[in-house]
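Reading through the structure tokens given below for one structure.
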Amino acid sequence: MAKLYFYYSTMNAGKSTTLLQSAFNYEERGMQTLLLTAALDDRYGIGKIASRIGLEAEASLFSDDTDLLQLTKDILDERRVDCVLVDESQFLSRDQVFQLSEVADKLKIPVLCYGLRTDFQGNLFEGSQHLLAWADELKELKTICHCGRKATMVIRVGEDGKPLVEGAQKEIGGNDKYVALCRLHFKESTYGN
């Protein structure tokens, strides 16, 4: 039975690296993967999944209106798909998470989603919320705060390096805009506690 997996973490925990390693493992065994990434993330080029340690691969794009079940079926008309791997899965909609569950349940293809759990305000992303609710397996990828504790939160910082507490939920960035923190330091940075 194929499953829907959600690998979640904060920034800098190696989500994209782990995704690319998984894709490599499938391909090394002669299997074919379908890599997907959010169209709004073009930091490394359009249609690319890249990790901070230098690994990268071409990927198909999804946007808010992409039907991921239909996209998978269309690709299946052209070639085999043994696994679907989704980067930046926090940007999925509720409907898209449902569509990916259909890929696993009806097309019998495993789906591995990688994304952030919460945004810079400590709120769940829509895609993450529904993956946490509907995925067959949840796996946390861990990184650490500057204090050495497990980082579970992320803050967004301005050009001056100071934490921002307002703004759009979706804003693409890396180490220039986001810092992974433990809950204690997140609260201190965000609420001054």
Among residues of segment 71-93, those that are buried (at least 18 other Cβ atoms within 10 Å of the Cβ) and in contact with a His (Cβ under 9 Å, 6 or more places away or on another chain), counted: 1
Total residues in segment 35-74, condition at pLDDT 95 or above, of a type outside the set (D, E, K, R) and closer than 15 Å to residue 99 by Cα: 7
Qualifying residues in segment 30-59 (those that are hydroxyl-bearing (Ser, Thr, Tyr) and under 14 Å from the mean Cα position of the chain (by Cα)) - the one farthest from residue 131 (Cα to Cα): 51
Among the candidates 121, 169, 96, 90, residue that is at pLDDT below 90, within 22 Å of residue 39 (Cβ to Cβ) and of a type in the set (S, T, N, Q): 169
Residue 68 farther than 28 Å from residue 182 by Cα, crowded, with 18+ Cβ neighbours inside 10 Å and touching a Ser or Thr at 6+ places or on another chain (Cβ under 9 Å): no
Of all residues in segment 1-41 being of a type in the set (S, T, N, Q) and surrounded by 18 or more Cβ atoms within 10 Å (Cβ to Cβ), the one that is nearest to residue 185 (Cα to Cα): 10
Single unsatisfied condition, residue 133 versus (1) buried (at least 18 other Cβ atoms within 10 Å of the Cβ); (2) over 28 Å from residue 28 (Cβ atoms): (1)
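The values are calculated or read from the model by the stated rules, or taken from the named source; none is laboratory data. As the structure is a computational prediction, the values presented were derived from the model and not from experiment. Please note: Cβ atoms are built from the backbone with ideal geometry, for glycine as well, and neighbour counts cover all protein chains shown.
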